[in-house]
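The values are calculated or read from the model by the stated rules, or taken from the named source; none is laboratory data. Treat the numbers as computed from the prediction; the structure is a model and nothing was measured. Every residue, glycine among them, receives a Cβ derived from its backbone with ideal geometry; neighbour counts consider all protein chains shown. Calculation scope for accessible area: heavy atoms of the full protein, side chains included, ligands and nucleic acids excluded. Shrake-Rupley method; radii C 1.70, N 1.55, O 1.52, S 1.80 Å.
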Amino acid sequence: TSEQAAAVYAKNIENFAGTGKVPLGIAGPLRINGLHAHGDFFIPLATTEAALVASYARGAHVVTKSGGISAAMLSEGVLRSPAFVFANLLEAGQFIDWVATNEDALKRAAESTTRHGKLISLEPYMDGEIVFLLCRYTTGEASGQNMVTIATDAMCRFIIDAVPLKPRHWYIEGNFSGDKKASFLGLLTGRGRKVTASVVLAKRDVEKYLRTTPAAMLEYARVADLGARLNGQIGAQGHYANGLAAFYIATGQDAACVAESAVGSTRMEDRDGDLFMSVTMPNILVGTVGGGTSLPSQSAAMSLLGVSGGGSASAVAEIVAS
């Protein structure tokens with residue numbers, strides 16, 4: 001009934017009026033030899049763009065024929081950056097000193113709100129009378145956007161109660177973390193899960209399955225890299241956003257995070273006539289719990305991936321990069 005449907009979707013939507021249907025296709029099998037993701041995976045992709053699933057399926061076929069993709073999650077940490085406004089830079093500096101001497105108490109306050117989140121670093125950034133606290137969290141198997149917001153709110157309220165020198169204003173997010181924006185901070189330090197993935201495609205497989213040659217692809221890569229540098233791309237890559245958006249929508253991730261997840265670099269090199277390709281993506285925000293992952297269609301897509309339990313979010317991040 002409509003009442004039952006509303007109950008299912010209630011925690012994910014307001015003014016519930018129905019669902020929007022997006023066609024879902026499957027690419028794969030895709031063989032991944034990762035630290036967390038091992039085996040052959042079928043990838044659910046929800047999109048209205050014809051040829052996208054076919055293109056990813058073709059890529060999955062050729063890399064699987066070549067033995068699979070090596071993938072590794074390098075680091076993780078979701079950022080939140082509360083901001084505090086003081087009367088002058090002297091007060092701001094005194095606040096930073098207080099934060100440094102009370103870091104353990106701030107971590108306890110933040111972590112009191114969650115069983116799964118950990119505040120692993122706290123870095124102040126000062127601009128005149130304004131101080132940003134760059135808070136980095138691990139978030140277990142969740143992508144963690146809401147988790148880190150709630151934790152940071154608790155930490156900020158502890159600060160306001162305990163700090164001797166009160167700020168004039170404070171904000172739970174000062175727009176420094178790069179949340180849902182492409183940023184150089186995310187490119188350099190990562191926001192979410194940072195993953196690298198690579199493969200060597202045999203010359204014969206490139207010719208047979210992609211109907212081109214490693215030499216031709218390398219020549220194009222040289223021109224594309226120039227184009228990326230000339231237009232000021234953050235990173236240098238083909239459009240990661242295509243596959244990311246389709247995967248995020250299919251599996252119930254936060255689709256707006258594509259804005260930051262689609263930052264990274266693609267590299268192509270000659271390896272004795274074969275073609276080496278790699279991608280490094282520093283801002284993959286995915287989870288296997290929370291968000292929209294438990295909704296009916298999205299839960300089915302997650303089941304298709306076949307990852308669950310401890311380390312499953314890291315496995316999904318490696319699948320995404322692959």
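How do His239, His116 stack up against each other in accessible area, from largest to smallest, with a 1.4 angstrom probe?
His239, His116
Subtracting the Cα-Cα distance from 0.36 nm times the residue separation, let me have the gained length for Arg157 to Asp272 in nm, one decimal.
Going from the current span to full extension adds 35.5 nm.
Would you kindly state the longest site-free stretch of the chain, with sites defined as trypsin sites (Lys or Arg not before Pro) in a DSSP loop (not H, G, I, E, B) surrounded by at most 11 other Cβ atoms within 10 Å? Mind showing how you got there, number by number?
On the way: sites that count: Lys21, Arg115, Arg168, Arg211.
By the stated rule (loop sites, at most 11 other Cβ atoms within 10 Å), 212-322.
Among Ala259, Thr196, Gly243, whose Cα projects farthest towards the positive end of the dipole of segment 181-285, with charges put on the beta-carbon of Lys, Arg (+1) and Asp, Glu (-1)?
Ala259
So for segment 187-243, considering every pair of alpha-carbon atoms, how many percent are separated by more than 14 Å?
70 percent
I'd like the accessible area for His38: 1.4 Å probe, protein heavy atoms, all chains in place, Å² to the nearest 10.
Solvent-accessible area, nearest 10 Å²: 120 Å².
Just in segment 59-96: which chymotrypsin sites (Phe, Trp or Tyr not before Pro) are loop by DSSP and have at most 13 other Cβ atoms within 10 Å?
none
Kindly provide the pair-distance distribution of segment 102-253 built from C-alpha pairs, with 10 Å bins from 0 and whole-percent values in order of increasing distance.
Taking all Cα pairs of segment 102-253, the binned fractions are 8, 28, 27, 18, 12, 6, 1 percent.
For Val22 and Ile234, what does the FRET efficiency come to when R0 = 30 Å and r is the distance between their Cβ atoms, rounded to the nearest 0.05?
According to the calculation, E is roughly 0.65.
How large is the Kirkwood hydrodynamic radius of the chain, counting all unique pairs of alpha carbons, in Å? Before the final figure, lay out each step's value.
Numbers: mean 1/r = 0.0468 Å⁻¹.
With all distinct Cα pairs of the chain included, I get 21.4 Å.
When the chain is fully extended, how far beyond the present Cα-Cα distance does Asp40 get from Ser294, taking 0.36 nm per residue of separation?
Extra length available between Asp40 and Ser294 comes to 89.1 nm.
For segment 199-266, what is the relative contact order in percent, using Cα pairs closer than 8 Å and at least 6 residues apart in sequence? Before the final figure, lay out the partial values.
Details: 40 pairs, mean separation 17.3, N = 68.
It comes to 25 percent, rounded to a whole number.
First obtain the Kirkwood hydrodynamic radius of segment 181-301 from its Cα pairs, then insert it into the Stokes-Einstein equation at 10 °C and 1.306 mPa s, and state the resulting D in µm² per second as a whole number.
Taking Rh from Cα pairs, D becomes 100 µm²/s.
Run the simple label-point estimate for Ser75 and Asp104 please: 7 Å along Cα→C-beta, distance reported in nm.
2.5 nm
Given springs between every Cα pair under 10 Å in a Gaussian network model of the chain, which of Gly311, Gly273, Gly140 has the largest fluctuation?
Maximum fluctuation in the GNM of the chain, among the listed residues, is at Gly273.
Accessible area of the chain with a 1.4 Å probe: how many percent of it is carbon plus sulfur? Working shown, then result.
Values: 8640 of 15690 Å².
Ligands and nucleic acids excluded, carbon and sulfur reach 55 percent.
Under a Cβ-only charge scheme (Lys and Arg +1, Asp and Glu -1), can you give me the dipole magnitude of the chain about the Cα centre, in debye to the nearest 20?
600 debye
By DSSP, what percent of the beta bridges with both residues in segment 1-112 are antiparallel, rounded to the nearest 5? Walk me through the numbers before you get to the answer.
Numbers: 8 of 11 bridges.
Close to 75 percent.
Take every Cα-Cα distance within segment 1-47, group them into 5 Å bins from 0 onward, and report for each bin the whole-number percent of pairs it holds.
Percent of pairs per bin, in order: 5, 17, 15, 11, 13, 12, 13, 11, 4.
In segment 6-79, which GluC sites (Glu not before Pro) fall in coil by DSSP and have 13 or fewer other Cβ atoms within 10 Å? Please report the intermediate quantities before stating the final value.
Values: sites: Glu14, Glu49, Glu76; in loops: Glu14, Glu49.
Loop-located and lightly packed - Glu14, Glu49.
Starting from the Cα gyration tensor of segment 103-144, take the square roots of the eigenvalues, sort them a ≥ b ≥ c, and report rounded, prolate or oblate (rounded when a/c is under 1.5, otherwise prolate if a/b is larger than b/c, else oblate).
prolate
Relative contact order for the chain: what is it in percent, counting Cα pairs under 8 Å that are at least 6 residues apart?
23 percent
For segment 1-156, which semi-axes, largest first and in whole Å, follow from the square roots of 5 times the eigenvalues of its Cα gyration tensor?
Values: eigenvalues 343, 119, 48 Å².
Those come to 41, 24, 15 Å.
Rounded to the nearest 5, what % of DSSP beta bridges with both residues in the chain are antiparallel? Each step should come with its number before you reach the end.
Numbers: 48 of 54 bridges.
Close to 90 percent.
Taking 30 Å as the cut-off for C-alpha to C-alpha distance, list the pairs among Lys11/Lys181; Lys65/Lys194; Lys21/Lys208; Lys21/Lys118; Lys107/Lys181 that go past it. Mind showing how you got there, number by number?
Numbers: Lys11/Lys181 25 Å; Lys65/Lys194 26 Å; Lys21/Lys208 36 Å; Lys21/Lys118 36 Å; Lys107/Lys181 26 Å.
As for pairs spanning more than 30 Å Cα to Cα, those are Lys21/Lys208; Lys21/Lys118.
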